[in-house]
Amino acid sequence: KQEVTQIPAALSVPEGENLVLNCSFTDSAIYNLQWFRQDPGKGLTSLLLIQSSQREQTSGRLNASLDKSSGRSTLYIAASQPGDSATYLCAVDFSNTGKLIFGQGTTLQVKP
Amino acid sequence: GAGVSQSPRYKVAKRGQDVALRCDPISGHVSLFWYQQALGQGPEFLTYFQNEAQLDKSGLPSDRFFAERPEGSVSTLKIQRTQQEDSAVYLCASSQLRELSSYEQYFGPGTRLTVT
């Protein structure tokens, strides 16, 4: 069964820290991996999309890496801010149809 | 331009009622997806359209769930005889082109369904 797992489920850090969120998936034959942010009561906002042929993507203070052979992706957030507080979701397209399999998310709290 | 919109944003239904949830994708987006998100969980795939064709409905939990996209734009997710376990946020997403692996999915704000 194709599954996506995120650890930790929750994380609390002081403002200014660099942090890493982890995502693992059971099948290395993926087409792409996408990181999303979800604020309470809101929909999902796409942060970064990594194609299967890519190793990483960067956007501002965010950097996502992909290691298909080990079935892992990480989302690195530099110099965290209170506004980064949200739930971060990792999602994998295993089938090249756009159907995404999501992890359960990591809820991040950045304390001022 | 406008993003994906969904209506209603909140719906309270009594057990046994039928509900219809609407999704307006981004104009020109070929692909449309429905997901169900239970409290504290990640979204789970329900069904997927490419234009008006429903290509995958493997995630629909039961035959009480039905989705359509008759003209290849707006989509409706219908749930018949709602049950308490149907309470969740229903998310709609759209994507630009057929080459889905190359493009991001854009999500709407969701419809929160509460069945009492």
Go through A:Ser12, A:Ser59, A:Gln2 and say which Cα lies farthest out towards the positive end of the charge dipole of segment A:1-94; charges sit on Cβ, +1 for Lys and Arg, -1 for Asp and Glu.
-> A:Gln2
Please name whichever of B:Val115, B:Gly28, B:Gln54 sits farthest to the positive end of the charge dipole of the protein assembly as shown, dipole taken about the Cα centre and charges placed at Cβ: Lys and Arg +1, Asp and Glu -1.
-> B:Val115
Values of log10 I(q)/I(0), in the order q = 0.13, 0.14, 0.17 Å⁻¹, for chain A under a Debye, Cα-only, solvent-free model = -0.44, -0.51, -0.75
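Dividing the alpha-carbon radius of gyration of the protein assembly as shown by 2.2 N^0.38 Å (N being the number of residues), what value is obtained?
Numbers: Rg = 17.5 Å, N = 228, 2.2 N^0.38 = 17.3 Å.
The protein assembly as shown yields a ratio of 1.01.
Show me the trypsin sites (Lys or Arg not before Pro) within segment B:10-116 that DSSP assigns to loop and that have at most 16 other Cβ atoms within 10 Å of their Cβ.
Details: sites: B:Lys11, B:Lys14, B:Arg15, B:Arg22, B:Lys57, B:Arg64, B:Lys78, B:Arg81, B:Arg98, B:Arg112; in loops: B:Lys14, B:Arg15, B:Lys57, B:Arg64, B:Arg81, B:Arg98.
Here the sparse-neighbourhood loop sites are B:Lys14, B:Arg15, B:Lys57, B:Arg64, B:Arg81, B:Arg98.
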Charges only on Cβ, +1 for Lys and Arg, -1 for Asp and Glu: so what's the dipole of chain B about the Cα centre, in debye to the nearest 20?
-> 480 debye
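So if I place +1 on the C-beta of Lys and Arg and -1 on the C-beta of Asp and Glu, and nothing else carries charge, what would the dipole magnitude of the protein assembly as shown be about its Cα centre? I want it in debye, nearest 20. Let's see the in-between values first.
Working: 21 positive and 21 negative charges, 100 e Å.
Here the protein assembly as shown has a charge dipole of around 480 debye.
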Any chance you could check the Cα centroid distance between segment A:10-41 and segment B:4-22 for me, in angstrom?
-> 30 Å
Stretched out fully, how many nm does the piece from B:Asp63 to B:Ala38 gain, at 0.36 nm a residue minus the Cα gap?
-> 7.1 nm
Label B:Gln80 and A:Val13 with points 7 Å out from Cα along Cα→Cβ: what is the distance between them in nm?
-> 5.0 nm
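Below 14 angstrom from the Cβ of B:Lys11, what's the summed charge of the other residues (Lys, Arg +1; Asp, Glu -1)? Don't jump to the answer; show the numbers that get you there.
Values: positive: B:Arg9, B:Lys14, B:Arg15, B:Arg22, B:Lys78, B:Arg112; negative: B:Asp18, B:Asp86.
Net charge around B:Lys11: +4.
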A:Lys68: net charge of surrounding residues, Cβ under 11 Å, Lys/Arg +1, Asp/Glu -1, itself excluded?
-> 0
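Every number in this text was worked out from the coordinates using simple rules, so none of it is lab data. Bear in mind that the values here come from a model prediction, so they are computed numbers and not experimental data. Cβ: placed from backbone, ideal geometry, glycine included. Neighbour counts: every protein chain shown.
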